[in-house]
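Down below is the structure, laid out as structure tokens.
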Amino acid sequence: MSANEKELRASQKAERKANAAAEQDKKDRRFRRNAIIVIAILVVLIVFALVVNSNLFYTKSTALTIGGTKYSPAETSYFYRSTYNNIYQNLYSQLGDYVSMAIDTSKPLDEQVYPYSDGDEEITWADQIKQTAQEDMVRITSLYDAAVKAGRTLTADEKASIDSEIQDMREYASGNGYSDLNKFLTAYFGKGMNVDLYKSLRERISLASAYATELEDSFSYTPEQLSAYYDEHAAEYDTYYYYTYPVNSSDSAFEGLEGDELAARMHEAAQKIADATTDFESMTAAVRDYTGENTVLSIAYNTVDNIGQTYKDWVTDPARQKNDVAVFDIEGTSYVVLYDEFCHNDYHPANFRHILVKAVPDEDGNYTDEALETAKAKAEALLDTWKANPTVENFEEMAKLNSEDSGSTGNGGLYTDVTKHQMVPGVDAFLFDGTHTVGDSGVVFGESSAYTGYHVMYYDGQAELSYADTLADTALREADFDEAYKAMSASYAIKEGSGMRFVSVL
């Protein structure tokens, strides 16, 4: 091999090595570039996950803008969930275990039709809750802004009330297995909610509510204005009082009967009760004879448009007198109706304190004469004890210690602004017989579906306004407040932001 050939081969070998090295370097650079890209993507994904899990989107983004106020997804979720919870609790109080017929917690809200819509358009529960929550947010935002503009701030008592509420929630959360209140608030109101955010919302709502109350209270009306309003709307407020007892075709006494024979037997039973009725007490006795039970009748009170059509004309007849009684038949029912009174509401609501002494029923749920006498004797003894020191302060203390009415023991047995027939007949007669002045006392019998017993009574005066004037004042005040609120909130448009995708009712 010549020298030239050796040099050529060496040159070619060197070139191949150089080319291989260049190709390897190119591959290495491509690998490093791809690795950097992959790492960058991973970093972005990790950061995104950290941001999502850190609640940043729930607290820093904007879900709704109302007027000039921005609400985060966490704040908006608070209103949505509060609205849902309030609606559910109200329905449950009305329907009990049948609440799922109205709203089913096991199904998504946007798949359930809202059953109470006034219009023809079908909407879902999700739509209704969203609408109601946003209306509340507009109301709170506009009233809060007006309060701030007016220089209104939370009082020390109002702040203390919020602090007390939070402390109660803290104890409730701890008692239900939550390690801290933040975790409970997140579970209840959604991601992003914490104690500080919850407190700020409660302060905003409290200030808005206080300002609304003060605004409504700021309106005033003359006696002439109140009288004129009531007279103009008397048909909406004048009240008819009466008792009814339905004899139903489902009663065991009519088992197996049909048609005319059933109707005749129902009418006969109802007429027997009516024939024995001369007043409320005798009607009660007649009904108990018929049922064989300790039935307690409740008075009906309705305006003219709300009286049952079956006996409406009879009840509203101007010639009707107290204790008039009649029987009315419709398919499946015969009604015994006892007329009590027509009321133009020109009386003054009453204030009173009482001590309730319940009679003890026997094992069958009946009240023996002995049990009634025992309860009456105890009530009279309490009255005698009070008369040894007949002050309102002494009565208040005795009520706290002795009354069996759990609804009033905390405030010394006090009820205020009590309207006619709001209480059981014995108490009602004491309050509205027109003879009592402040400090008058006595013992009266009372019974309802919940108890039978005696009331030690202390008459504590009456409301300044008649009930008619109170109804007129309330209506005028609400109308003026609505007008003021309408003007106040007119510019508060609702605008959805990108954070709405983080808001949910549940």
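The values are calculated or read from the model by the stated rules, or taken from the named source; none is laboratory data. Keep in mind the model is a prediction, meaning the values are calculated, not measured. We place every Cβ from the backbone using ideal geometry, glycine too, and count neighbours over all the protein chains shown.
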Does PHE432 fit the bill of being touching a strand residue (DSSP E or B) at 6+ places or on another chain (Cβ under 8 Å) and either on the phi > 0 side of the Ramachandran plot or of a type in the set (A, V, I, L, M, F, W, C) (or both)?
yes
Flag for GLY256 being at pLDDT below 95 and under 30 Å from ALA270 (Cβ atoms)
yes
Which of (1) part of a helix (DSSP H, G or I); (2) without any contact (Cβ under 8 Å) to a residue 40 or more places away in the chain is the odd one out, the single condition SER209 does not satisfy?
(2)
Selection within region 145-165 - touching a helix residue (DSSP H, G or I) at 6+ places or on another chain (Cβ under 6 Å) and assigned to a helix (DSSP H, G or I)
ALA146, ALA147, GLU158, ILE162
Determine, yes or no, whether PHE445 is of a type outside the set (Ser, Thr, Tyr), touching a Lys or Arg at 6+ places or on another chain (Cβ under 9 Å) and farther than 16 Å from ALA379 by Cα.
no
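With respect to THR291, determine if the residue is on the phi < 0 side of the Ramachandran plot and modelled with pLDDT under 95.
yes
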Is one or more of the residues making up region 220-232 of a type outside the set (Ser, Thr, Tyr) and within 19 Å of ARG81 (Cβ to Cβ)?
no
Which residues, taken from region 277-298, are within 20 Å of TYR451 (Cβ to Cβ), charged (D, E, K, R) and not in a helix (DSSP H, G or I)?
GLU293
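Quick grid of which residues meet (1) touching a Ser or Thr at 6+ places or on another chain (Cβ under 9 Å); (2) surrounded by 13 or more Cβ atoms within 10 Å (Cβ to Cβ); (3) not aromatic (Phe, Trp, Tyr):
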{"residue": "ILE123", "(1), (2), (3)": "yes, yes, yes"}
{"residue": "ASP127", "(1), (2), (3)": "no, yes, yes"}
{"residue": "LYS130", "(1), (2), (3)": "yes, yes, yes"}
{"residue": "ASP136", "(1), (2), (3)": "yes, yes, yes"}
{"residue": "ALA147", "(1), (2), (3)": "yes, yes, yes"}
{"residue": "ASP157", "(1), (2), (3)": "no, no, yes"}
{"residue": "ALA160", "(1), (2), (3)": "no, no, yes"}
Index of the failed condition, THR244 passing every other in (1) more than 21 Å from PHE328 (Cβ to Cβ); (2) β-branched (Val, Ile, Thr); (3) not in a helix (DSSP H, G or I):
(1)
Can you tell me how many residues in region 415-442 are outside any loop (DSSP other than H, G, I, E, B), more than 31 Å from the chain's Cα centre (by Cα) and buried (at least 18 other Cβ atoms within 10 Å of the Cβ)?
2
Can you go through ASP104, ASP97 and tell me which one is surrounded by 11 or more Cβ atoms within 10 Å (Cβ to Cβ), within 45 Å of the chain's Cα centre (by Cα) and modelled with pLDDT of 85 or more?
ASP104
Is it the case that region 340-362 has a residue that's of a type in the set (Asp, Glu), within 30 Å of THR310 (Cβ to Cβ) and not in a strand (DSSP E or B)?
yes
